[in-house]
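A quick write-up on the structure given underneath.
The values are calculated or read from the model by the stated rules, or taken from the named source; none is laboratory data. What you are looking at is a predicted structure, and each value in this text was computed from that prediction instead of being measured. Cβ coordinates were reconstructed from backbone atoms using ideal geometry, including for glycine residues, and neighbour counts include every protein chain displayed. What goes into the accessible areas is simple: the full protein's heavy atoms, side chains included, and nothing from ligands, DNA or RNA. Shrake-Rupley method; radii C 1.70, N 1.55, O 1.52, S 1.80 Å.
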Amino acid sequence: MQNELFPGEIPNWIGGQERFSARGELFDKLKSADGSLLCRVARSRDEDVRSAVEAARIAQPAWADTPPVRRGELLHDLAMGLREHREEIAQIVAVETGKSFQSALGETDGAIALGLFMAGEGQRLYGRTTTSGTANRYAMTVRQPLGVAGLIVAANTPIANVAWKVFPALICGNAAVLKAAEDTPVTAWVFGRIAHRAGLPAGVLNILQGYGEEAGAPLVANPDVDLVSFTGSTAVGRQIQVVAGQRLAKVSLELGGKNPLVVCEDADLDNAAKWALLSAFSNAGQRCASGSRIIIFDEVYARFRDMLVERTNGLRVGPADTDDFGPVINEKALTKMLNAVDAARQRGAVVLAGGHRLTGPEHRTGFYLAPTLVENVPADDEISQTELFGPIACLYRARDFGEALALANASPYGLTACIHTRSLGRAMQFVQKVQAGAAVVNAGTYGSEPHMPFGGLKQSGNGWREPGTEALDVYSALKDIYISIDPAEL
């Protein structure tokens, strides 16, 4: 299938052209579903980063001078190109990540929706006009581009992650250099191909393949990159903040989560179980918004735990549309997850379900972790405090609402949170008091929509919100303009 959809060797996009790395190096991309070779990929280094940034720097002034409405029209063409090729893109996402085609198609449609929303912002790139405290003076603000945006994305929802950053960066008049996730290189490449065919000017969007240390780090350090927007782990986010902060570059970080889902004694337990499993295990738990901490009132703990164990053991794991979720992205990630569960077990945790690699005939060569539930884990245990980014959830007891809220907030992260209850008072108190950037009642911990801001508190980010119209604040600068007149000249 890959020979029909994409070449066997995946290049960069620099200055509107496909280019391999200056050193001619390639790395292997393996299929998550079966461990076989999918393609070989350009292994970019510092010299390739410099070429991409230079191409962006050259292209950016003309792009900034293009009226925002016209920029929006071009980005609308790009979004429509994604729609035209949505099934092709979904096939690529599925074969790269191992998720089902239907799941990949839903993700692709989300990327298209984001693109159409952001394209419309070209007609609404608002500043504001206001009053001055000085006579014969007028005051206003306008939005202006920052310059070159360095964009670094994760592999968990690859086409959505690319769209999430590229569309707002470009609508604001920046040129962009996107460092593709090394585990999903083809998705980024096909996005670049569709952008090229849609008529996006050469150099406005450049796409680099390669490893984080070899291509991402030089991009962050490049002095001609005015903004770095990163989605990924908190540890890497800290490094980016330090490096880019030395030159006072703007940095937007969307980092990890260890998100709580609270189940009260008055909850609809069937609905709560459905959403707890979806939050914990859909997309193989590879979501920053994954519900990996399930906090259950004592009164219903045993009953709800048994419901979850039974339903977890019935989940189907594999790459097909009939499966509930697929593999994790690579062998390294799988090993890290297994080691974390084993270490927690040695400290006294009880593994209720899963906790092992799937090794049956259909799973043997892929990167599959059985859906895993763990209990008897202290709130301050390492597995309670560390994002694992896989299909692993821990269960906790709470005596009452106060203890449940305290447990929900007992985390270094603060990205999303959810409560299941029939009480309006509890729901309102929870969404007000939980330390999270997004709070949900009677559903899952994930599901942010393209027109809404997304981001977190504490170690889940540095305060910016993407996407929504709030993303415009990330990718543009406000300029105050004052105009004084001389009444005698009227």
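Some points to look at:
- Between Arg316 and Arg23, the simple label model (points 7 Å from Cα in the Cβ direction) yields a spacing of 4.5 nm.
- FRET efficiency, Met428 to Tyr211 (Cβ-Cβ, R0 60 Å, nearest 0.05): 0.85
- Leading residue at positive end of dipole, segment 366-423 (Cβ point charges), from Ala410, Ala398, Pro378: Ala398
- Of the listed residues Val153, Val431, the order by accessible area with a 1.4 Å probe, largest first, is Val431, Val153.
- Of all accessible heavy-atom area on the chain, the percent that carbon and sulfur account for (1.4 Å): 51
- Integer Hz, Karplus 6.51/-1.76/1.60 couplings in order for segment 307-314, x for Gly and Pro: 4, 5, 4, 4, 6, 5, 5, x
- Using a Förster distance of 30 Å, the FRET efficiency for Ile58-Val242 (Cβ separation, nearest 0.05): 0.55
- Cross-link reach list, lysines versus Lys258, counting only Cα pairs under 18 Å and skipping chain neighbours closer than eight places: Lys336, Lys433, Lys458
- Here the chain is assigned +1 on the Cβ of each Lys and Arg and -1 on the Cβ of each Asp and Glu. Its dipole about the Cα centre then comes out at about 520 debye.
- Size of charge dipole - segment 1-49 - debye, nearest 20, with Cβ of Lys, Arg +1 and Asp, Glu -1, no other charges: 60
- When segment 261-340 is described by a simple charge dipole with +1 on each Lys and Arg Cβ and -1 on each Asp and Glu Cβ, the residue from Ala267, Ser290, Val309 located farthest towards its positive end is Ser290.
- Surface analysis of segment 390-489 yields an accessible area of 46 Å² per residue, using protein heavy atoms and a 1.4 Å probe.
- Relative packing of 456-469, 185-198, 126-139, which averages over residues the other C-beta atoms within 10 Å, highest first: 185-198, 456-469, 126-139
- Using C-alpha pairs under 8 Å with a sequence gap of at least 6, the mean separation divided by the residue count of segment 1-142 gives a relative contact order of 19 percent.
- What you get for segment 239-339, charging only the Cβ of Lys and Arg (+1) and of Asp and Glu (-1), is a dipole of about 760 debye around the Cα centre.
- Here the Kirkwood formula, the inverse mean of 1/r across different C-alpha pairs, assigns the chain a hydrodynamic radius of 23.5 Å.
- Potential lengthening between Met452 and Asp270 on full extension [0.36 nm per residue; Cα-Cα distance subtracted]: 62.7 nm
- Rounded if a/c under 1.5, otherwise prolate or oblate - segment 14-79, Cα gyration tensor axes: oblate
- Mean sequence separation of contacting Cα pairs (under 8 Å, at least six apart), scaled by the length of the chain, corresponds to a relative contact order of 18 percent.
- Scanning residues 5 or more positions from Leu30 or on other chains, those with amide H under 5 Å from its amide H are Leu38, with H placed 1.01 Å from N in the peptide plane.
- Order by protection proxy (mean Cβ within 10 Å, highest first), peptides 52-63, 85-96: 85-96, 52-63
- Listed peptides 42-49, 111-118, 405-412 appear in the order 111-118, 42-49, 405-412 once ranked by packing, highest mean of other Cβ atoms within 10 Å at the front.
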